Every structure is written in structure tokens, then in C-alpha cells.
Amino acid sequence: MPEMTPKSWYRTAVRCLAGYRADERPISFLVDDRKIEIRRIVRSWREPDFLHFRVETDDGREYDLRHHEYEDSWEMKPVEVIPVRA
């Protein structure tokens, strides 16, 4: 996979915990066949056709994951971190 940019979505496989819905909460996903564990869900929101999650991973990075509910597919992109000047 080419270097990931925060502006592009990339297909991924996501492992979820099931609750009242089949894909209620993501717990891990793949980046270049490497399993990335999710430490916590920062926030989630809905858009037409998509359920979004901003997640923090075990390495401290943040990613946006989105589940296309009708196609039952997942995409991810890294979150751009903007440095804060002191």
C-alpha cells in the first residue's frame, strides 16, 4: 500500500464486537496485513449510508473508520495530527 494520507480512504478488514447490531463496536483492523488493536473509541457518528468511528490505537495513533452498512464494507484513514504551538 502506498503511504497513507489523511485525505484518502482505504479498504480494510475490521473485527467487531456484536451487540444489538452485528457491527456494534470495532476492536481491531488491518493495515498492510498488520493487525491494529483499538484502545478506545474517541467518538462515533452517523452519516447517510455510513457509521463512523474515530479510534485511538494501542500505539497512540488515531484513525477514522467507516462502515458502509449497505455494502457491509469498511474503510479507514489516518487522522491528521496538527501540532500545537506553545
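What's the exposure ranking of 30, 17, going from fewest to most Cβ atoms within 10 Å?
Going from least to most buried by this count: 17, 30.
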Q. Which whole-Hz ³J(HN,Hα) couplings does the range 67-76 yield from phi under the Karplus relation 6.51 cos²θ - 1.76 cosθ + 1.60, θ = phi - 60°, glycine and proline marked x?
A. 10, 7, 5, 7, 8, 6, 10, 10, 9, 9
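Taking neighbour Cβ counts within 10 Å as the exposure measure, how do 64, 58 sort from fewest upward? Don't skip to the answer; put the middle values down first.
Values: 64 17, 58 11.
The most exposed by this proxy come first: 58, 64.
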Q. Between residue 47 and residue 79, how many nm apart are label points set 7 Å from Cα along the C-beta direction?
A. 1.6
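All of the numbers you see were taken from the coordinates with simple rules; none came from a lab. Note that the structure is a prediction, hence the values are computed from the model and not measured. FYI the Cβ positions are ideal-geometry reconstructions off the backbone, even for glycines, and counts take in every protein chain you see.
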